[in-house]
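Enquirer: Pasting in a structure now, in structure tokens, and then I'll have a few things to ask.
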Amino acid sequence: MESAAFSLGDNLPHPVTGVALSEADRHRQLIQYSIWAEEAGFDAVHVGEHHFNDYMLSSPPVVLSAIGERVPNLILSTAVTLVPTLDPVRVAEDYSTLDNLFPGRVEIVAGRGNLFSRSFPAFGLEVRDARQIFEERLSLLQTLLREEDVNWSGQFRGPLQNVTTRPRPTRDLPIWIGAGSMESALLAAKLGCHLMLPSVFGHPKMFVPIVARYKEAWEEAGRDIDGILIGSCCHAFAGSSHDDMRERFVPRYGHYWNFVDQLVSDNTGGRIQMPFDLESFLSGPAVAGSSQECIDRMGELHELLGHNRQLFMFDLGGISDGELEETVRRFGEEVLPHLPD
């Protein structure tokens, strides 16, 4: 199984010390986080994209470019690229440029951003059209990355006539779809995209039917089953013991989750609320505890999902540099060698 350091870029003060990084220092922490991850043996780094809230990461290709210059081996990927609120022409140019700078290392994880609907009107879009916009723009993005002299017309963007985006990618860029619904999983299979599960938003069991249907649809499309790649993500902390995790991680985790709960509630008009429940989270979207507890938890997740890549979010809730480095290195030394094959 491949492993990845993962960040959505929350920029919260530490719940105990009250210390908050400047946005500049938080961006630089992300670069250092990636350096520690590579040194600890991780395979990839995934960074998120949000707009107009305290998830301060809004420009993944810029951040990944800075990371790529400092780490020579990590896969450079997103979590997610918000395709509906971006022009596919610009996305093709940005990620092809990144691919030319770091050939063979760049991926795109495409997502709809439906839990953060307030960003749609800010980009001049109607949230009710989110799925149609996503499907149209993702299909166009694939075409622009793969073909030259593109002629295209659609509903949510002006037509293109004989357009070739530059630079051309050095390879067929891998595209994952962040799919929390059956519809998105079926779209991923239809387009030949890998499947990334947004499993930080629920118990992994809820994604088992989605994985099964994705695999069925992949084969129904006549694709080689060996081409299936499935990713999952989690909140993570490896402590010296279970008690150490409860003392140091839980205050940050609850602080972070209260932020997420409020953000999602605000964006959904209160329709979706996800209050913090430590015990259900430790058996759900978190991989946290002693190193052995993390190993055992990863075995459970792999048995459920049969996935190929796990994204670990260590940097949530106002974590300090020292604590972040410590848990990433402990995870690399004591957990990664025991991940399922």
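Enquirer: Sorting check: for 84-91, 174-181, which peptide has the highest mean count of neighbouring beta carbons within 10 Å, and how do the rest follow?
Expert: Top of the packing list down: 174-181, 84-91.
Enquirer: Using the Karplus curve 6.51 cos²θ - 1.76 cosθ + 1.60 with θ = phi - 60°, work out ³J(HN,Hα) for each residue of the range 114-131 in order, rounded to whole Hz, and write x for Gly and Pro.
Expert: Rounded to whole hertz, the list is 6, 7, 10, 5, 5, 6, 5, x, 5, 9, x, 10, 9, 5, 5, 9, 4, 5.
Enquirer: Take every DSSP beta bridge with both residues inside the chain and express the antiparallel ones as a percent of the total, to the nearest 5.
Expert: On the way: 3 of 36 bridges.
Expressed as a percentage, antiparallel bridges in the chain total about 10.
Enquirer: To continue, here is another question. Only one of the values [x] 88, 60, 33; [y] 61, 42, 41; [z] 56, 48, 42 was calculated from this structure for Cα extents along the principal axes in Å; name its label.
Expert: From the options [x] 88, 60, 33; [y] 61, 42, 41; [z] 56, 48, 42, the structure gives [y].
Enquirer: Right, here's the next one. Using 7 Å Cα-to-Cβ label points, what is the S283/M206 separation (nm, one decimal)?
Expert: For S283 paired with M206, the spin-label model returns 1.6 nm.
Enquirer: Let me ask something else. Using the Karplus curve 6.51 cos²θ - 1.76 cosθ + 1.60 with θ = phi - 60°, what ³J(HN,Hα) values do you get for each residue of the range 237-243, in whole Hz, with x for Gly and Pro?
Expert: Residue by residue, the range 237-243 yields 6, 10, x, 6, 6, 4, 5 Hz.
Enquirer: Mind giving me the FRET efficiency for L115 and L86? R0 is 22 Å, r the Cβ-Cβ distance, nearest 0.05 is fine.
Expert: Details: r = 17 Å, r/R0 = 0.78.
It comes to 0.80.
Enquirer: Tell me, what HN-Hα J-couplings in whole Hz come from the Karplus equation 6.51 cos²θ - 1.76 cosθ + 1.60 at θ = phi - 60° for each residue of the range 248-257, using x for Gly and Pro?
Expert: Coupling constants for the range 248-257: 9, 8, 4, x, 5, 5, x, 4, 5, 5 Hz.
Enquirer: Counting only GluC sites (Glu not before Pro) that are in a DSSP loop and have at most 15 other C-beta atoms within 10 Å, tell me the longest site-free stretch of the chain. Write out the running numbers ahead of the final one.
Expert: Values: sites that count: E126, E147, E148.
Longest run free of exposed loop sites: 149-341.
Enquirer: Evaluate E = 1/(1 + (r/R0)^6) for E93 and D129, where r is the Cβ-Cβ distance and R0 equals 30 Å; express this FRET efficiency to the nearest 0.05. Provide the component values of the computation, followed by the final result.
Expert: Numbers: r = 24 Å, r/R0 = 0.80.
Approximately 0.80, to the nearest 0.05.
Enquirer: For the residue pair D224 and R246, what label-to-label distance in nm results when each label sits 7 Å from Cα along the Cα-to-beta-carbon direction?
Expert: Output for this residue pair reads 5.0 nm.
Enquirer: If each of R157 and E183 carries a label point 7 Å out from its Cα toward its Cβ, how far apart are those two points in nm?
Expert: Each label point is offset 7 Å from its Cα along the Cβ direction, giving 2.0 nm.
Enquirer: Would you mind pulling out the separation of the Cα centroids of the range 271-341 and the range 169-196, in Å?
Expert: Result: 24 Å between the Cα centres.
Enquirer: Give the average over all directions of the projected area of the C-alpha convex hull of the range 1-138, one decimal, in nm². Can you show the working numbers first?
Expert: Working: hull surface 37.7 nm².
For the range 1-138, averaging the hull's shadow over all directions gives 9.4 nm².
Enquirer: Based on the alpha carbons, how large is the Rg to Rh ratio for the range 105-162 when Rh follows Kirkwood? Intermediate results must be reported in sequence, preceding the final value.
Expert: Numbers: Rg = 13.0 Å, Rh = 12.8 Å.
Value, to two decimals: 1.01.
Every number here is computed from the coordinates shown, using simple stated rules; none is lab data. Here the structure is a predicted model, which means the values were calculated and not measured. Neighbour counts run over all protein chains shown; Cβ positions are idealised from the backbone, glycine included.
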